1. Do we have any residue at all in region 425-443 that's within 30 Å of Leu133 (Cα to Cα) and in contact (Cβ under 8 Å) with a residue 24 or more places away in the chain?
2. Where in region 185-289 are the helices (runs of 4 or more DSSP H), entirely inside, with at least 2 residues that are assigned by TED's automatic domain parsing to the domain that holds Val134 and more than 30 Å from Phe119 (Cβ to Cβ)?
3. Looking at (1) more than 16 Å from the ligand (Cβ to nearest atom); (2) farther than 16 Å from Val238 by Cβ; (3) hydrophobic (A, V, I, L, M, F, W, C), which one does Leu318 not meet, given that it meets all the others?
4. Among the listed residues Val134, Val94, Val85, Val115, identify the single one that is surrounded by fewer than 21 Cβ atoms within 10 Å (Cβ to Cβ) and either in the same structural domain as Gly50 (by TED's automatic domain parsing) or touching a residue at least 12 places away in the same chain (Cβ under 8 Å) (or both).
5. Determine which member of the set Asp183, Asp195 is under 30 Å from the mean Cα position of the chain (by Cα), of a type in the set (D, E, K, R) and buried (at least 20 other Cβ atoms within 10 Å of the Cβ).
6. Against the condition away from the ligand (no atom under 16 Å from the Cβ) and assigned to a helix (DSSP H, G or I), how does Gln137 come out, does it pass?
7. Somewhere in region 353-366, is a residue without any contact (Cβ under 8 Å) to a residue 12 or more places away in the chain, within 16 Å of the ligand (Cβ to nearest atom) and not in a loop (DSSP other than H, G, I, E, B)?
Amino acid sequence: ESAALWGGRFAGGPADALAALSKSTQFDWVLAPYDIAGSKAHAKVLHRAGLLTDEDLTKMLAGLDELLADVLSGAFVAAEADEDVHTALERGLVDRLGAELGGRLRAGRSRNDQVATLFKSFLRDHGRIISDLVLDQVNTLAEQAEKHLGVAMPGRTHFQHAQPVLLSHHLLAHAWPLIRDLDRLADWDRRVAADSPYGSGALAGSTLGLDPQFVAVELGFTNSSANSIDGTAARDFVAEFAFVCAQIGIDLSRQAEEVIIWATKEFGFVQLDDAYSTGSSIMPQKKNPDIAELARGKSGRLIGNLTGLLATLKAQPLAYNRDLQEDKEPVFDSVDTLEVLLPAFTGMIRTLRFNTERLEELAPQGFSLATDIAEWLVKQKVPFRVAHELAGACVQECEKRGIELWDLSDEDLAAISPALTPEVRTVLSVEGSVASRNGRGGTATDRVTEQLAELRTRATEH
Ligand code: ARG
């Protein structure tokens, strides 16, 4: 006899080639505990609808608990002939309770509403795990920012020296995108929580008077699906989750790229901790930023998981199609990837040592104080277009003579413009430059201190 859940109208079992293609237990087994939780909730609504006696329900719940224990201990595993996790667990239940009682549980549900619900439960749990790991990364950036408050570094645009900024300001600029990722996960969770598909059946609901909202609440959702077709056929929740994972990967990759560059001999901005860097099998001197490189590489994988998923979903007619079985592996992979990447990445950032002297020394180089000259002139009522020209002329003069802006003498300045009085020197220092950018969101130390507090408050919301 075939182990399939659908043997009745078939003369024989499936061809081996079909069974091999169709099989999903090798990856959907992780849903087993969620499937059993769903079954317990479903047993309760069958009981409430008068389809299971009190005694049936008691035995059913005990049988499901026993099955769960056996799944968790490894005593119960998928058999070769099991098509998917749902098939295997029904077999396990029938083994434990007999076909008479075990065979009653499937009434009024389909693998279509089951799998959509379980997948949501699985992702909600892992969304929380990932959220906690991202939060660790945010807090680590905040700690490094706090530790280095007041240290200036070259701020860049187009990767060229632009204006001096505080190292803390730069580090926190990597934390805010992660805060938004946390917001995205929370927002995603709220939406998913209000949409439990259990009770949608194959696509049209059930004739048995079952209460989907009861099941929803039992499973930790806030409501059941408003539309049973949508409940079983929609997978935008998977794509959205995969997007947030990909965005987290991209946000990490931007930090990673900087760590890789900063750790070079040429930059010399940071030193990686021994425990979070690797060596070379041939070059004894090497200390490599492998964690950062893996983060950069894995962000490509996370993007691939998202785009593959979107391609699978595109143009599928309603309602459930077996194509949808392809929704799981990519996002399982995204979950595994982030859950292994984030702890290593956070450790790397936590143990990063900054060469603050070098950062400070380079901060004003590359004429990064030129904007300060222009804005100082504006405060002397010079129109910005003129001020920009004059500051540019200062740069040109310095470049010609191979000196820095603060090396220009009073006479040099006056020769460029009488508006450039010696007082301009007050802004020709990194401290002055940084301190004067004191509007909300600016790099002045006081503002960055406030920003740090604001970030920490936002972090506690997650
Ligand atoms: N294993 C399937 C999935 O992951 C669920 C089974 C639905 N199969 C079916 N013939 N309706 O999507």
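The values are calculated or read from the model by the stated rules, or taken from the named source; none is laboratory data. In this text the structure is predicted, and so the values were computed from the model without any measurement. Counting neighbours? That spans all protein chains shown, and the Cβs are built from the backbone with ideal geometry, glycine included.
1. Going residue by residue through region 425-443, those that are within 30 Å of Leu133 (Cα to Cα) are 440-443.
Adding the requirement that they be in contact (Cβ under 8 Å) with a residue 24 or more places away in the chain leaves 443.
So far as region 425-443 goes, yes, one or more of its residues are within 30 Å of Leu133 (Cα to Cα) and in contact (Cβ under 8 Å) with a residue 24 or more places away in the chain.
2. Numbers: elements: 212-218, 228-233, 236-262.
Ranges flagged: 236-262.
3. (1)
4. On the way: Val134 fails: surrounded by fewer than 21 Cβ atoms within 10 Å (Cβ to Cβ); Val85 fails: surrounded by fewer than 21 Cβ atoms within 10 Å (Cβ to Cβ); Val115 fails: surrounded by fewer than 21 Cβ atoms within 10 Å (Cβ to Cβ).
Every option except Val94 fails the conditions.
5. Numbers: Asp183 fails: buried (at least 20 other Cβ atoms within 10 Å of the Cβ).
Testing whether each residue is under 30 Å from the mean Cα position of the chain (by Cα), of a type in the set (D, E, K, R) and buried (at least 20 other Cβ atoms within 10 Å of the Cβ) leaves just Asp195.
6. Details: away from the ligand (no atom under 16 Å from the Cβ): yes; assigned to a helix (DSSP H, G or I): yes.
Here the answer is yes, as Gln137 does meet what is asked.
7. Applying the first criterion (without any contact (Cβ under 8 Å) to a residue 12 or more places away in the chain) to region 353-366 yields 357, 361.
If we keep only those that are within 16 Å of the ligand (Cβ to nearest atom) as well, we get none.
So far as region 353-366 goes, no, none of its residues is without any contact (Cβ under 8 Å) to a residue 12 or more places away in the chain, within 16 Å of the ligand (Cβ to nearest atom) and not in a loop (DSSP other than H, G, I, E, B).
For every residue, the table says whether it meets (1) surrounded by 15 or more Cβ atoms within 10 Å (Cβ to Cβ); (2) farther than 24 Å from Leu31 by Cα.
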site	(1), (2)
Ser277	yes, yes
Pro284	no, yes
Ala311	no, no
Tyr320	yes, no
Asp327	yes, no
